[in-house]
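Report on the following structure.
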Amino acid sequence: MEVSRCKIHVDLTKDTETMNSAVRQVCKAVVKEWANVDEHVMQVSHITGGITNLLLKVAVSSNGISLESVTVRIFGPNTETVIDRQRELLAIHHLSTSGFGAELIGLFENGMVQSFIVARTLTPSDISTPKIAARIARELRNFHEADIPMSKEPQLWVDISKFMSEASTISFEDPKKQETFLSISFLELLEEIGELKRACDSLDAPIVFAHNDLLAGNVMFNYETDKMYLIDFEYSCYNYRGYDIANHFNEYAGFECDYSLYPSKDVQYFFFRHYLNGLSSKKVEITEAELSKLYIETSCYALASHIYWAVWAILQAKFSSIDFDYLDYFFLRFGEYKRKKQEFLSLMPSHQINE
Ligand SMILES: Nc1ncnc2c1ncn2[C@@H]1O[C@H](COP(=O)(O)OP(=O)(O)OP(=O)(O)O)[C@@H](O)[C@H]1O
């Protein structure tokens, strides 16, 4: 599949009209069918985001009827600290060709144009309903089987280590933030990461092409056509199967971060059965040993997911322009890690905690 490219840069700091005009030019340049469309019939509207990552909808309409729509994503400044854009674009290109997510139509200097998905975005309470959870499990298994031509090395610990190196060198101008930042013990974090990595490595978990950020807002479902879309591959790369599933389970906590909503063993087993069955229409024979292995794997990697997003939050506190208390989020995720550590690691067959 051919992806068009153009050299236009959309300046996020400019006023809306100037920016929208640049967005229309991008669309004319990369959407082949729109090359000769008058810019006046292209309506630009806001989907999400602001000065960091902006997602727009551009619709071509005639007599007030929307004929065709695309999305335009403009990457914000500083997002490269936590997102590897080369890795993301490579993944999007191949996933889009294999029918996952939105179709990649074109690229411009600081963003991309994709097809507009007509579907409802799921909410945190949707993803734990049995029918939807079963479907997500099957779709996720299918996603995990994608063969993407990039390094097959799992990136979890590589990324955590990169984030740690970066995070240990920063400082904040705001004295209150600096004080909170200085209360983070990097030595303690390093020790926890080392211990958890040893525990996770001993599981010999399968490596798959993982989504790595499967929160409710990254699942769209068209109830009429019965089609589910996993979207937003900013963090996708090869990683541990249990990590991706656990990271999704951690998202049951929703916007309120209510981790009491983390699924019980029975609820996890229900998910695993559908996951192991995949999209196969035949019922696959699943053993207790397979379920138990997945349960242990997922529990250990749930801890890794807390660590990953905790360290990520330190960098966001420094580099993101989103008005959110990321340092508070660090303590929330690291706190939840510490709260669950004993319980989850005690499930391991070779339980060895050096305390
Ligand atoms: N191709 C698309 N078609 C229609 N809607 C979309 C499309 N891509 C994204 N959306 C909508 O925009 C929302 C945000 O998209 P996405 O998660 O990709 O952006 P983001 O900036 O990375 O947000 P976040 O960081 O919160 O995940 C989605 O939850 C969905 O509702």
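Return the only residue of 266, 213 being surrounded by 12 or more Cβ atoms within 10 Å (Cβ to Cβ) and on the phi < 0 side of the Ramachandran plot. Full working, then the answer.
Values: 266 fails: surrounded by 12 or more Cβ atoms within 10 Å (Cβ to Cβ).
On inspection, the qualifying residue turns out to be 213.
Looking at (1) among the polar types (S, T, N, Q); (2) more than 30 Å from residue 141 (Cα to Cα); (3) without any contact (Cβ under 8 Å) to a residue 24 or more places away in the chain, which is the one condition that is false for residue 48?
Residue 48 satisfies all of (1) among the polar types (S, T, N, Q); (2) more than 30 Å from residue 141 (Cα to Cα); (3) without any contact (Cβ under 8 Å) to a residue 24 or more places away in the chain except (2).
Where residues in segment 209-218 are under 25 Å from residue 261 (Cβ atoms) and among the hydrophobic types (A, V, I, L, M, F, W, C), which of them is nearest to the ligand (Cβ to nearest atom)? Please lay out each step first, then the result.
Going residue by residue through segment 209-218, those that are under 25 Å from residue 261 (Cβ atoms) are 210-218.
Adding the requirement that they be among the hydrophobic types (A, V, I, L, M, F, W, C) leaves 210, 214-216.
Values: 210: 16, 214: 10, 215: 7, 216: 8 Å.
Residue satisfying both the conditions and the ranking: 215.
Against the condition in the same structural domain as residue 310 (by TED's automatic domain parsing), within 22 Å of residue 160 (Cα to Cα), surrounded by 23 or more Cβ atoms within 10 Å (Cβ to Cβ) and modelled with pLDDT of 95 or more, how does residue 199 come out, does it pass?
Working: in the same structural domain as residue 310 (by TED's automatic domain parsing): yes; within 22 Å of residue 160 (Cα to Cα): yes; surrounded by 23 or more Cβ atoms within 10 Å (Cβ to Cβ): no; modelled with pLDDT of 95 or more: yes.
So residue 199 fails the test.
Just give me the residues in segment 302-345 being among the hydroxyl-bearing types (Ser, Thr, Tyr) and modelled with pLDDT under 95, in sequence order. Before the answer, list the steps.
Pass one, segment 302-345, residues among the hydroxyl-bearing types (Ser, Thr, Tyr): 305, 308, 320-321, 326, 329, 337.
Of everything in segment 302-345, those that are among the hydroxyl-bearing types (Ser, Thr, Tyr) and modelled with pLDDT under 95 turn out to be 320, 321.
The values are calculated or read from the model by the stated rules, or taken from the named source; none is laboratory data. Values in this document were obtained by computation on a predicted structure and should not be read as measured data. Ideal geometry is used to build each Cβ from the backbone, glycine not excepted, and the neighbour counts take in all protein chains shown.
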